[in-house]
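Every read-out reported here was derived from the displayed coordinates using simple, explicitly stated rules and does not represent laboratory data. Bear in mind the structure is a predicted one, so any value in this text is a computation, not a measurement. Backbone-built Cβ (ideal geometry, glycine too); neighbour counts: all protein chains shown.
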Amino acid sequence: DMDAWLVRALTAASMPLLAEPGATPHPALFIALEGQEAALDRLEANYREWEPRVERLAPAEARAFTPVLREGDGGIVGALLDLQARKLDAHAMLEAHRKALLAAGGSIAAKAPVTALRHEGERWIVDTPGASYAAGVVVNAAGAWADTVAQMGGIAALGITPLRRTVITFDVPVDVTGWPFTKTVGPGFYIEPEGSGRLLASPMDEGESAPCDAQPEEEDVALAAWRVEEATTLTVSRLASKWAGLRSFAPDRLPVAGFDPSAPGFFWLAGQGGFGLQTSPAMALAVEALVAGSAWPEELHAVGVTPQMLAAERLRARAG
């Protein structure tokens, strides 16, 4: 499937560049519940193209890494272990890039929502409550608001849909710091250590949402706890915290990076779904080349990613 291939290719191109603050080695364990064996087989076949060292494990072997996994009725039937995986610290990454931008003479206008966007002559004019900005190229990297911002400028929406994802954390009476990131290959959940004695869990929900500061819904919080309790020996008695965020997807669930065919100088950078951080170094190289009109990066050429795969035109053609 193209969506998995392109995301993996962008991730493979990004891995050597992820010498980021807070990018640390952390194993990943992909587990199959009953009925998910075929999905595990597909994942293994796709995975080996990029990381041949991945290991197929029996349920008992998987429990050596995540000891709370349940075997038998409703439990796990197999697993895939990637010891080369990384854990990314979003805050550390963003902070490092923020500092680098400021050090290079850039600036960030906070609390400056776009109130109007228009094209005048060769330039885009962007109005905010405190100031107006003019530039030959505007990059629409507005996440859940990407379509909204485009429509302000008279540009048709691409169909970027925000989907809500819920996360809970809870205390566990054992030391979980050495556990891998553990995720079902199909519908289910993921868990990962979140500090000493605390686990983070998500039911991998995708609730449609308007662009907003998302808040967790009680049924999704309950679903997270229930799914963890069904497939493990854990009991989620009291939550330490809960939150939700929006992951934005294009209709084909692939990232978008390219100029809008109908609007000169209007560049889309959207639809990074749940894979934005892990693909960000490769996407940054792509955006730089496309905006500056420079040569396509060798790192992307090497993994077979072309500008056409990311282009906004594919979605216009699809809609048409």
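With contacts taken as Cα pairs under 8 Å at a separation of at least 6 residues, the chain carries a relative contact order of 20 percent.
Convex hull over the Cα atoms of the range 43-117, averaged projected area in nm²? Numbers along the way, then the final one.
Values: hull surface 42.1 nm².
Taking the Cα atoms of the range 43-117, their convex hull projects to 10.5 nm² on average.
Using a 10 angstrom Cβ neighbour count of at most 16 plus a DSSP loop assignment to flag exposed trypsin sites (Lys or Arg not before Pro), which longest range of the chain is free of such sites? Spell out each step's value before the answer.
Numbers: sites that count: R53, K111, R238.
Within the chain, the longest run free of exposed trypsin sites (Lys or Arg not before Pro) spans 112-237.
Evaluated at q = 0.08, 0.16, 0.18, 0.20 Å⁻¹, the base-10 log of the normalised Debye intensity for the range 1-159, with identical point scatterers placed on the Cα atoms, takes the values -0.44, -1.02, -1.13, -1.26. For the chain, a Gaussian network of Cα nodes joined below 10 Å ranks G35, G159, G121 by mean-square fluctuation, and the top entry is G121. The overall shape of the range 263-309 is oblate: from the C-alpha gyration tensor, with semi-axes ordered a ≥ b ≥ c, the ratio a/c is 1.5 or greater and a/b is no larger than b/c.
If R0 equals 35 Å, the separation of the Cβ atoms of S107 and E34 corresponds to a calculated FRET efficiency of about 0.05.
Kirkwood radius and radius of gyration were both taken over the C-alpha atoms of the chain, and their ratio Rg/Rh is 0.99.
Couplings for the range 47-61, taken from phi via the Karplus curve 6.51 cos²θ - 1.76 cosθ + 1.60 with θ = phi - 60°, read 4, 4, 4, 9, 9, x, 7, 4, 10, 8, 10, 7, x, 5, 5 Hz in order; Gly and Pro are left as x. For R48 and S241, the difference between the fully extended length at 0.36 nm per residue and the C-alpha to C-alpha distance is 65.9 nm. Within the straight-line cut-off of under 22 Å between alpha carbons, the lysines reachable from K183 are K87, K242, sequence neighbours fewer than 8 places apart in one chain being disregarded.
Net length available on complete extension from L94 to A131 is 10.9 nm, with 0.36 nm assigned per residue and the Cα-Cα distance removed.
Across every pair of non-identical alpha carbons in the range 147-240, the mean reciprocal distance, once inverted, gives a Kirkwood radius of 15.0 Å.
Write down the Å³ per residue value for the convex hull defined by the alpha carbon atoms of the range 76-149. Don't skip to the answer; put the middle values down first.
On the way: hull volume 14.8 nm³, N = 74.
Dividing the Cα hull volume of the range 76-149 by its residues yields 200 Å³.
By the gyration tensor of its Cα atoms, with a ≥ b ≥ c the square roots of the eigenvalues, what is the shape of the range 176-290: rounded for a/c under 1.5, prolate for a/b over b/c, or oblate? Verdict is prolate for the range 176-290.
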